1. Which one of Thr144, Trp347, Pro279 is farthest out on the positive end of the charge dipole of the chain, using unit charges on Cβ (Lys, Arg +1; Asp, Glu -1) and the Cα centre as origin?
2. Please compute, over every Cα-Cα pair in segment 303-377, the percentage with a separation greater than 21 angstrom.
3. Let a ≥ b ≥ c be the square roots of the eigenvalues of the Cα gyration tensor of segment 250-332; is it rounded (a/c under 1.5), or, if not, prolate (a/b larger than b/c) or oblate?
4. What percent antiparallel are the DSSP beta bridges of the chain, to the nearest 5?
5. Given +1 on the Cβ of Lys and Arg, -1 on the Cβ of Asp and Glu, and no further charges, what dipole in debye does segment 146-210 carry about its Cα centre, rounded to the nearest 20?
6. Beyond 19 Å between alpha-carbons counts as too far, so tell me which of Lys167/Lys345; Lys306/Lys345; Lys25/Lys80 fall in that bin.
7. Taking the chain as a Gaussian network, Cα atoms linked when under 10 Å apart, which of Asn155, Asn13, Asn362 shows the biggest mean-square fluctuation?
8. How far apart, in nanometres, would the label points at Thr147 and Ser214 be if each is projected 7 angstrom from Cα along the Cα-to-Cβ direction?
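All of the numbers you see were taken from the coordinates with simple rules; none came from a lab. Just so it is clear, the model here is predicted, and its values are computed rather than measured. Positions of Cβ are generated from backbone atoms using ideal geometry, with glycine treated the same way; all protein chains shown enter the neighbour counts.
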Amino acid sequence: MVFLGTGARGAGNLEFPVHPKIRVKRWRFVEGGVLQKIHYILFGLWCLGYALIWRPKLIYASDPLICPIALFIQRFTGVKLVYHEHDSPDSEDKEEGIGDRGKENDQNGIFQRIIMGSRRAVARMAEVCVLPNEERVEIFKRQTGTTRPVECAWNVPGINEIGPQKKKPDPKEPLKLFYGGSLSPERLPLVLVEEIVGVQGAIQLEIVGYPTYSAKDYMQTVNRLEQSSRPKVITYHGVLAERKDLLQIADQCGAALCLMPMKGGDLNMRTMAGASNKPFDAMARGLAVVVSDLEEWKSLYLPGKKLERGDGYWISDMGYGIAINPESRESIRAGLEWMLNNREKIWEMGERGRQKIQKEWNYEGKNKQVFRRIEAN
């Protein structure tokens, strides 16, 4: 397998694990503007050249921006194509939103129309299209008008990434919470960080990730809280190049923060249940998950016959974690207090989640139908 790609803002040092059958060829990231457009065209020509020389049996295209290049390569080579859309355009209508942007900025509008037109063409000729959320699947079908197979496959870890059973917690030790991913006030609210600092060492927060482009002021506040907290309760590890390093830090923790905004946001933010890998990765390592008090998330991560509402939080008899309102200080405080007072239950939630990943919610199991379709063609 050969991976051809580019870097991304804030994630330039992320690396693939070394594998004897995988080669990684990656261009550096270029900021927006005319140079980025030139960079995009040259990258596409480079990909075509590589495909003509290497002659792959299958093209795997990921996300709308690569669609013009993937379509270009497919038309030249005739190679079969699989399309996997992790992030969808923020328009639930076939055309609305694309034309509007074009009126404001004609150059950007033309580029967007090329992207969306290529996406429709790819969707209508791919061997299979894959999206990580059922609602996105239905919207994708409406937007593209495809009659090709479209499968929903969650972003779950492989069986080889499932950790061993964790030891039961020592109540004398601090409760460690883990956050891994892009850093923004929507994903890791400052009010939550402040509440963690406020319990004065009873909870420690381990952070791995990179700030989003618009989160500079937010990160300054997080860094200030990290440096000023006594005892030290926040550790920011920055961006770790390899996934195994992230998992090693997660293994030291008892629960993971996997929060989403309670309302608003674009299409991807509203349909992250199943699409977000954070809860699944945490469950695979035996961590309980702290999710938002949203119905779709509660139905997924708080299953069981008995859903209990506490003073600002939700738990269930067979759940994998706890649900809170990340925009309410009172809900956050109540949820943290419950977790501190129920350390063994947190451990039980984490172990249930680990077993769920092992038995069902793993990459091999959730992608069976996708694999079958690829092998059949």
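1. Working it through, the farthest residue towards the positive pole turns out to be Thr144.
2. 44 percent
3. Rounded, since a/c falls under 1.5.
4. Bridges in the chain that DSSP calls antiparallel: roughly 10 percent.
5. It comes to approximately 240 debye.
6. Lys25/Lys80
7. Looking only at Asn155, Asn13, Asn362, the largest GNM fluctuation is found for Asn13.
8. 4.1 nm
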